[in-house]
Amino acid sequence: MTRPEILVTGATGKVGGALVSRLHAAGVPVRALVRAEADFPEGVRAVRGDLGDPASLDTALQGVDAVFLVWPFMSAEGASDVIDAIGRHARRVVYLSSAGVGGKEEKPGEAITMFHTELERLVEASGLEWTALRPTGFASNTLGWAEEVRTTGAVRAPLARLARPLIHEADIAAVAVRALTTDALLGARPLITGLEPVTQERQVALIGEAIGRPVRFEEITLDEAGAQMRAAGWPAELVEAVLPAQLEMLEHPEPVNDEVERITGTPARSFREWAVDHAADFR
C-alpha cells in the first residue's frame, strides 16, 4: 500500500524549497508541484501542475494526504476551484498567509492582504482540516538587494530606520512541518515572527558582515523608491501597497513573539543567521 504523501506548492521558492528539504530529511513522503523541470533531492517526486489551471492538479493530487498551499497571484480569482481540487483528494491544507491578515481596520497594504484574507475564508469553509500560517515579512525578500550589493556595494532604498522582525524561511518551514504532520495547529492561525526587529540599515550592514566586505545603505525618498520599483517592472498595485505599508510600520511596528519556539521547540533564527546562510547570493 502506498503511503500518503504531502504535496508542496511553491516548491521552487524559498519557503516551499525549505519545506520540501525538511520533510524529505525527516523521511516524510513529499512531492513538489512544478510547472517546469526542477531539481530536488533524490526521493522527492516532482509532479506537473499549475495553480492557474485547476484541472491540471488532479493527477498531482492522487494519493496526497495534505497540501502546503502557496498562492502565487495577487487576487483570489480561481482559488475556490483549486481548493475544491485539493478537497477531492486530500484531508488537510496548510495555507501560507500573511501577518497582515486579521486586523480590525483597513491599513495601507490592503491590496497585499486582501487575497490572503479571501484565501483563508475559502480554506476554512472547505471542509478540510486547515491551518493558516501568518508570518511577518520574509527575510528572503532582501534578496532583491543582491544585484546592487554585488555590483555597487550599496543598497538604495527608503526608510533606513524601518525595523522589522523578518523571518527566516527555514523557520516558516519548521512550523509548516508541525502543521502538516501533527494535529497541534488544526484550525489555528499562528502569527509567526522573526527573532527581533532589525532596521533596514542594520540588515544591509549584517549582509556586509556575512560576505566579508562593507555594504552601504543609501536612503532615498519614497517617490524615488516608487519610480525605481516601477522601472523594475513591479505592478502598480503592488507599488501603491508596499510603500505606504512600510511607512505605516514606522508608526505601528509589527509584533514580535516566540511562536516559532513554542511550536517547534527551537527559537526563531536571527537576521544575522539568515544573512550568513545566504551570503553566496550577495557575493
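Only the coordinates and a few stated rules stand behind these numbers; no lab work does. Here the structure is a predicted model, which is why all the values come from computation and not from measurement. Here the Cβ positions follow ideal geometry from the backbone for every residue, glycine too, while neighbour counts run over all protein chains shown.
Once the Cα gyration tensor of region 31-84 is diagonalised, what are the square roots of 5 times its eigenvalues, in whole Å and ordered largest first, as equivalent ellipsoid semi-axes? Display every interim value, and only then the final one.
On the way: eigenvalues 83, 32, 20 Å².
Here the semi-axes work out to 20, 13, 10 Å.
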Note on region 1-140, DSSP bridge orientation, antiparallel percent to nearest 5 equals 5 percent
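Rounded to the nearest 5, what % of the DSSP beta bridges within region 73-205 are antiparallel ones? All intermediate terms of the calculation are to be shown ahead of the outcome.
On the way: 2 of 10 bridges.
Of the beta bridges lying entirely in region 73-205, close to 20 percent run antiparallel.
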Per the helix-only model, the chain has a calculated mean residue ellipticity at 222 nm (DSSP H runs of ≥4, -39500 (n - 2.57) each, divided over all residues, rounded to the nearest 500) of -12000 deg cm²/dmol
Counting only residues 5 or more apart in sequence or on a different chain, those whose built amide H sits under 5 Å from that of TRP130 are VAL93, GLY187
What one gets for region 204-283 as the Kirkwood radius, inverse of mean 1/r over different Cα pairs in Å, is 15.5 Å
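Calculate the tail of P(r) for region 124-240: the fraction of all Cα-Cα distances greater than 24 Å, expressed in %. All intermediate terms of the calculation are to be shown ahead of the outcome.
Values: 2832 of 6786 pairs.
For region 124-240, the fraction of Cα-Cα distances above 24 Å is 42 percent.
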Bounding extents of the chain in its principal axis frame from Cα atoms, largest first in Å, are 58, 40, 36
Yeah, region 1-54 with a ≥ b ≥ c from its alpha-carbon gyration tensor (a/c under 1.5 is rounded, else prolate when a/b outruns b/c, oblate otherwise) is oblate
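Could you check what % of the DSSP bridge pairs in the chain are antiparallel, to the nearest 5?
Working: 3 of 30 bridges.
Of all bridge pairs located within the chain, approximately 10 percent are antiparallel.
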Computed over the chain, the relative contact order (Cα-Cα under 8 Å, seq sep at least six) in percent reads 18 percent
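With +1 on the Cβ of every Lys and Arg and -1 on the Cβ of every Asp and Glu, and nothing else charged, how large is the dipole of the chain about its Cα centre, in debye rounded to the nearest 20? Walk me through the numbers before you get to the answer.
Values: 28 positive and 41 negative charges, 151 e Å.
Dipole of the chain, to the nearest 20 debye: 720 debye.
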Reduced to Cα centres, the span from region 210-234 to region 25-60 in Å works out to 35 Å
So the angle from the long Cα axis of helix 169-181 to the longest Cα principal axis of the chain, reported in degrees to the nearest 10, equals 20 degrees
Log10 I(q)/I(0) at q = 0.15 Å⁻¹ for region 176-229, from Debye over equal alpha-carbon scatterers, is -0.72
Taking the dipole of the chain about the Cα centre (Lys, Arg +1; Asp, Glu -1; charges at Cβ), the one of GLY13, GLY27, LEU159 that reaches farthest to the positive side is GLY27
Diffing region 216-232: the Karplus 3J(HN,Hα) column from phi (6.51, -1.76, 1.60, θ = phi - 60°), in whole Hz with x for Gly and Pro, holds 8, 9, 10, 6, 10, 6, 4, 5, 4, 5, x, 4, 5, 5, 5, 5, 7
Interchain or sequence-distant (5+) residues whose placed amide H lies within less than 5 Å of the amide H of LEU195 are PHE271
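Take the alpha carbon gyration tensor of region 135-193, find the square roots of its eigenvalues, order them as a ≥ b ≥ c, and report rounded if a/c is under 1.5; if not, report prolate when a/b exceeds b/c, else oblate.
Working: a/c = 5.49, a/b = 2.45, b/c = 2.24.
In terms of gyration-tensor shape, prolate.
What shape does region 236-283 take by its C-alpha gyration tensor, where a ≥ b ≥ c are the square roots of the eigenvalues and a/c under 1.5 counts as rounded, a/b above b/c as prolate, and the rest as oblate?
Details: a/c = 2.74, a/b = 1.32, b/c = 2.08.
Cα axes put region 236-283 in the oblate bin.
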Projecting the Cα atoms of ILE263, TRP234, ALA210 onto the charge dipole of region 158-283, where Lys and Arg contribute +1 and Asp and Glu -1 at Cβ, the residue farthest towards the positive end is ALA210
The value for region 41-197 (convex hull of the alpha-carbon atoms, volume per residue, Å³) is 159 Å³
